[in-house]
Amino acid sequence: MNNFTNTIKDTTKETIKNTKDTSYSQKTIAVFFGGCSTEYEVSLQSASSIIPCIDTKLYNPILIGIDRHSGKWFWFRGTLELIEKDCWQSEQNCIPVFPSVDKTVHGLCYMDNNSLKTISLDAAFPILHGKNGEDGTIQGLFELMNVPVIGCGMLSSALCMDKDLAHNIVKMYGIKVPKSITIQKGYTNSITKRAVSELGFPLFVKPVRSGSSFGITQVSKEQDLIPAIENAFQHDSTVILEEMIQGFEVGCAVLGTNDLLIGEVDEIELSEGFFNYTEKYTLKTSKIHVPARISPEKSEEIKQIALTIYKLLNCSFFARVDMFLTPTGEIYFNEVNTIPGFTSHSRYPNMLKEIGLTFEDIINRLLELEE
């Protein structure tokens with residue numbers, strides 16, 4: 001860990017001097033972490049796992065932290081432990097930077113002794129979960145900057161973040177999705193009554209654009225419906241009411257852009273409730289089985305549907321496709337996570353681990369895909 005941090009400090013000093021030196025052999029990759037999102041802490045965990053796996057002989061990592069409140073960007077040059085403990089922001093370790101939309105710069109700007117300096121980037125690697133990081137916003141900015149992104153692009157990120165749009169697209173191609181009704185602020189009682197009539201109980205109330213199960217409530221009785229809707233509106237301007245699919249959740253890790261690689265299917269075993277934020281990161285009352293406890297034939301069917309969804313939604317580099325498997329063997333699409341959790345114990349790397357890829361292998365393959 002300390003050797004890697006020293007390497008970062010040495011190479012970033014060199015970058016200040018040589019941002020325009022075309023003979024510099026390493027590729028400069030900006031790794032973004034933090035962000036203005038309820039999933040800020042998850043981003044810090046994922047980034048802390050990914051950064052040490054970057055081969056500094058081949059790549060020069062520039063660590064860009066985004067303040068969760070102000071949205072300011074900082075070039076972080078401290079130790080990785082400070083990111084993990086959320087103590088990374090200090091004048092000693094951070095240099096304020098801002099993006100340049102001058103396509104001849106294709107990178108970042110900062111001030112040094114009242115002089116404007118630039119950092120030319122070969123690619124950006126956003127490890128940002130949820131809004132303002134996984135929803136196409138920062139991916140669109142990278143396009144304006146003329147900086148390639150390691151991950152799904154602007155359109156794919158935006159589509160996958162919007163549960164309603166993603167479901168409608170996938171449904172058009174014959175893949176089953178849960179029945180649902182979307183509502184806006186100012187909704188009437190007639191809309192909620194219609195939802196109850198069509199969907200029944202229990203049902204799920206979800207923000208249309210949110211991640212890590214923030215704002216999601218499982219509702220089993222009518223008196224709890226309005227509070228659940230109002231809670232979901234705290235996270236997004238549109239809310240989706242969705243039927244509960246009997247069965248359990250399965251997931252597929254997909255890696256690649258043209259030649260696609262898929263990990264083993266995993267299965268979430270719940271003892272109660274649903275796979276909410278607490279369960280995702282503590283597994284207090286749930287278990288994840290990799291591979292899933294299903295037949296090889298059903299596993300293969302799930303993988304093929306996941307690959308179809310990945311392509312339909314124009315995903316690239318990596319994503320996790322989540323589905324439901326019913327007791328009768330039906331498969332329903334749930335959602336695509338375009339930047340899934342990326343710690344050593346997260347679902348995405350563990351699914352790929354089952355087919356022989358180490359955590360370091362995954363990161364190296366992603367960086368190689370950019371070339």
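How many of the residues making up the range 124-134 are at pLDDT 95 or above and either among the aromatic types (Phe, Trp, Tyr) or surrounded by fewer than 24 Cβ atoms within 10 Å (Cβ to Cβ) (or both)?
Total satisfying the criteria: 1.
Considering only the range 119-141, I want to know if a residue exists there that is of a type outside the set (A, V, I, L, M), within 20 Å of GLY35 (Cβ to Cβ) and over 14 Å from the mean Cα position of the chain (by Cα).
yes
With the condition being among the small types (Gly, Ala, Ser), I'd like the helices (runs of 4 or more DSSP H) fully within the range 146-214 carrying at least 2 qualifying residues.
On the way: elements: 154-161, 163-172, 189-199.
Correct list: 154-161, 189-199.
So which of LEU108, LEU116 is open to solvent by less than 20 Å² (accessible area, probe 1.4 Å) and not aromatic (Phe, Trp, Tyr)?
LEU108
Residues that are buried (at least 18 other Cβ atoms within 10 Å of the Cβ), in contact with a Pro (Cβ under 9 Å, 6 or more places away or on another chain), at pLDDT 95 or above and at negative phi: does the range 12-29 have at least one?
Within the range 12-29 (the criterion being buried (at least 18 other Cβ atoms within 10 Å of the Cβ), in contact with a Pro (Cβ under 9 Å, 6 or more places away or on another chain), at pLDDT 95 or above and at negative phi), the answer is yes, since at least one residue qualifies.
Condition first: closer than 18 Å to PHE125 by Cβ, assigned to a helix (DSSP H, G or I) and either open to solvent by 10 Å² or more (accessible area, probe 1.4 Å) or of a type in the set (Asp, Glu) (or both). Now tell me which residues in the range 341-359 satisfy that.
PHE359
Determine, yes or no, whether ILE362 is farther than 22 Å from THR308 by Cβ, β-branched (Val, Ile, Thr) and open to solvent by less than 20 Å² (accessible area, probe 1.4 Å).
For ILE362, the condition - farther than 22 Å from THR308 by Cβ, β-branched (Val, Ile, Thr) and open to solvent by less than 20 Å² (accessible area, probe 1.4 Å) - is met.
Of the residues in the range 142-183, how many are among the aliphatic types (A, V, I, L, M) and either over 20 Å from VAL254 (Cβ atoms) or open to solvent by 50 Å² or more (accessible area, probe 1.4 Å) (or both)?
Count: 9.
When you look at ILE95, is it β-branched (Val, Ile, Thr), at pLDDT 95 or above and farther than 16 Å from MET111 by Cβ, yes or no? Break it down stepwise before answering.
Working: β-branched (Val, Ile, Thr): yes; at pLDDT 95 or above: yes; farther than 16 Å from MET111 by Cβ: no.
So ILE95 does not fit the description; no.
Could you tell me whether any residue of the range 54-74 is free of Cβ contacts under 8 Å to residues at least 24 places away in the same chain, more than 17 Å from the chain's Cα centre (by Cα) and either open to solvent by less than 40 Å² (accessible area, probe 1.4 Å) or under 22 Å from LEU121 (Cα atoms) (or both)?
yes
Take the range 281-303 and flag every residue that is at pLDDT 95 or above and out of contact with any strand residue (DSSP E or B) (no Cβ under 9 Å at 6 or more places or on another chain). Let's see the steps before the verdict.
Let us first name the residues in the range 281-303 that are at pLDDT 95 or above, namely 289-303.
Those that are at pLDDT 95 or above and out of contact with any strand residue (DSSP E or B) (no Cβ under 9 Å at 6 or more places or on another chain): SER295, PRO296, GLU297, GLU300.
In the range 201-217, which residue that is open to solvent by 20 Å² or more (accessible area, probe 1.4 Å) and modelled with pLDDT of 90 or more is farthest from the chain's Cα centre (by Cα)?
The selected residue is PHE201.
Would you mind finding the one in VAL219, VAL250 that is of a type in the set (Val, Ile, Thr), over 26 Å from ASN132 (Cα atoms) and without any contact (Cβ under 8 Å) to a residue 24 or more places away in the chain?
Being of a type in the set (Val, Ile, Thr), over 26 Å from ASN132 (Cα atoms) and without any contact (Cβ under 8 Å) to a residue 24 or more places away in the chain holds for just one of VAL219, VAL250, which is VAL219.
Output the number of the condition that SER100 fails; it satisfies all remaining conditions of (1) at positive phi; (2) surrounded by 13 or more Cβ atoms within 10 Å (Cβ to Cβ); (3) touching a Cys at 6+ places or on another chain (Cβ under 6 Å).
(1)
The values are calculated or read from the model by the stated rules, or taken from the named source; none is laboratory data. Computed from a predicted structure; not experimentally measured. We place every Cβ from the backbone using ideal geometry, glycine too, and count neighbours over all the protein chains shown. Heavy atoms of the whole protein, side chains included, go into the accessibility calculation; ligands, DNA and RNA do not. Shrake-Rupley method; radii C 1.70, N 1.55, O 1.52, S 1.80 Å.
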